[in-house]
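Asks: Take a look at this one; I'll ask things after.
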Amino acid sequence: MWLTCSSIGRKLVMAITGACLVLFVTFHCLMNGVALFWPQGYNAVCEFLGANWYALVATVGLAALFIIHIIYALWLTLQNRKARGNDRYNVVKKPLGVEWSSQNMLVLGIVVLAFLAVHMIQFWAKMQLAEILHCDYVHEGVEVPPAAGTLFIQIAFSQVWTPIVYIIGFIALWFHMNHGFWSMFQTCGWDNDTWLPRLKKIACWWTTIVVALFIAEAVVFTVRANNSDFEKELIEYNQAKGSQFALDTDAIECGAKACSEAACPEAACPQAECTQATCIEVAAECADGCCADGVCANPETCANPACKGKN
Ligand code: HEM
C-alpha cells in the first residue's frame, strides 16, 4: 500500500497523526485551564470523560494515533540512517539551515514519551483505568473517586519531583511540536517561499502558547497543591457526592469533634465537615472505638476527650 510502501506515504502518515496529536494537546491544555479558574467544572468534565463508551472510543483512537506516530517515526529514522550510512556520525559537517530540533526529533520524541509514561501512571491509570477495572485508587487508606480530577492534581503536584519532570517534558514537547508542526505542511507540499516562513511563525506561536499554558498550569497546580488549596473542592465534592475521603493526614483534624486519626484512619474527614452528620456517622461506625461528640463506640480506646468516662 502506498501509505506504507513509499517514503512520502509514510511521511504523510506522520503528518496526519502529528496534526491530530497537535489538536489533542491543544484541547488538553485548554481543558486543564478550566481547573485553574473553575475546579468544580473541571471535575464535571473529568466525570464526563470517564469510562463512558464515547470517552473510551476517544482514548482508543488517541492511543492508536500515538502508536502509529511512534512506529512510523522509528521506521523513517531507520530508513534515513540506512540511506545515509556512516554520514550521520560526521558531526562537523552539519547540514546548513537544518535546525537543531529537526536533527533530534527522535530523541525529543523519546523524552516526551517518557514524560507521558509518568503522566499516564499519575492520572490515566488512577482515573479512567481505575473506573474501567472498578477499583478506585486508594490514597492514604482512603478510596478516591476516579472523576475527582482536582484531587489527582493535588496528589501529583504535591510531590516535589512532579513539576521538574513536567517542565522537562514541556521543553521537549516545545521543540518536537514546533518542528513537527511546520514540517507536516512541508510534507504535504505546502512549502513555497511565501508560505513556509509564515507556517514556521504560526508553528512557533501556536506551540509557545500551548507550552506556556501547560507551564503556567504546572506552576499554579504546584503552589495550590502545596497550600492544600484543593481541599475546598474536596469538601464540596464530598458534599455533592456524599463520599468520605481526605487527601492527607493533615486534613484529619477531627480529634476533638469526631474521631482521632490514630483511632480511626478510615473515617478521615476534613475539619470543615466534622460537625456534619455524615462525617460523625462514619466516625461512629469505626470498629476500634471512634467517637463523635460524645457518641462512643468504645470509650476505652477512643482518643476523643469528650468520650472519656462515657458508655
Ligand atoms: C499541567 C500539565 C498536565 C496536566 C495537569 C494534565 C492532566 C491530565 C489529567 C487529569 C488526565 C486524565 C483525564 C481523564 O482521564 O479524564 C490526563 C490525561 C492525559 N494526558 Fe494530560 N495533563 C497535562 C499535560 C499533558 C501533556 C503535555 C500531554 C501530552 C504530551 C498529556 C497527555 C495526556 C494523555 C495522552 C492523556 C490520556 C487521555 C485519555 O484518557 O484519553 N498531558 N492529563
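Asks: Run residue 121 past the list (1) more than 8 Å from the ligand (Cβ to nearest atom); (2) under 25 Å from residue 182 (Cβ atoms) and report the number of the one that doesn't hold.
Replies: Only one criterion in (1) more than 8 Å from the ligand (Cβ to nearest atom); (2) under 25 Å from residue 182 (Cβ atoms) is unmet by residue 121, namely (2).
Asks: Right, next: Being assigned by TED's automatic domain parsing to the domain that holds residue 226 and either surrounded by fewer than 22 Cβ atoms within 10 Å (Cβ to Cβ) or more than 10 Å from the ligand (Cβ to nearest atom) (or both) is the requirement here; does residue 175 meet it?
Replies: For residue 175, the condition - assigned by TED's automatic domain parsing to the domain that holds residue 226 and either surrounded by fewer than 22 Cβ atoms within 10 Å (Cβ to Cβ) or more than 10 Å from the ligand (Cβ to nearest atom) (or both) - is met.
Asks: May I ask you to verify whether residue 183 is in contact (Cβ under 8 Å) with a residue 60 or more places away in the chain, assigned by TED's automatic domain parsing to the domain that holds residue 43 and crowded, with 19+ Cβ neighbours inside 10 Å?
Replies: When the stated conditions are applied, residue 183 passes them.
Asks: In the set 67, 16, 110, which member is farther than 30 Å from residue 197 by Cβ, of a type in the set (Val, Ile, Thr) and at pLDDT 90 or above?
Replies: Only one candidate qualifies: 67.
Asks: Test residue 29 against the stated conditions and say whether it is in the same structural domain as residue 149 (by TED's automatic domain parsing), near the ligand (Cβ under 10 Å from one of its atoms) and more than 26 Å from residue 136 (Cβ to Cβ).
Replies: When the stated conditions are applied, residue 29 passes them.
Asks: Let me ask something else about it. Which pairs have Cβ atoms under 6 Å, sit 6 or more apart or on different chains, and link a residue in segment 161-174 that is under 15 Å from residue 219 (Cβ atoms) and at pLDDT 95 or above to one that is in a helix (DSSP H, G or I) and hydrophobic (A, V, I, L, M, F, W, C)?
Replies: So the pair list comes out as 162/156; 163/218; 165/118; 166/218; 169/115; 170/211; 170/214; 170/215.
Asks: Does residue 168 fit the bill of being part of a helix (DSSP H, G or I), within 27 Å of residue 206 (Cα to Cα) and within 13 Å of the ligand (Cβ to nearest atom)?
Replies: Considered against the rule, which asks whether it is part of a helix (DSSP H, G or I), within 27 Å of residue 206 (Cα to Cα) and within 13 Å of the ligand (Cβ to nearest atom), residue 168 comes out as yes.
Asks: Only one of (1) free of Cβ contacts under 8 Å to residues at least 12 places away in the same chain; (2) in contact with a strand residue (DSSP E or B) (Cβ under 8 Å, 6 or more places away or on another chain); (3) assigned to a helix (DSSP H, G or I) fails for residue 151. Which number is that?
Replies: Unmet condition: (1).
Asks: Then there's this: Scan 201, 232 and give me the residue that is more than 27 Å from residue 69 (Cβ to Cβ), in a helix (DSSP H, G or I) and at pLDDT below 95.
Replies: After ruling out the rest, the residue left standing is 232.
Asks: Let me ask another. Name the residues in segment 129-148 that are in a strand (DSSP E or B) and closer than 29 Å to residue 110 by Cβ, would you?
Replies: 137
Asks: Quick one: which helices (runs of 4 or more DSSP H) sit completely within segment 1-83 and have at least 2 residues that are touching a Leu at 6+ places or on another chain (Cβ under 7 Å)?
Replies: 7-37
The values are calculated or read from the model by the stated rules, or taken from the named source; none is laboratory data. Worth saying up front: this structure is predicted, and the values here are computed from it rather than measured. Positions of Cβ are backbone-derived with ideal geometry, glycine not excepted, and every protein chain shown enters the neighbour counts.
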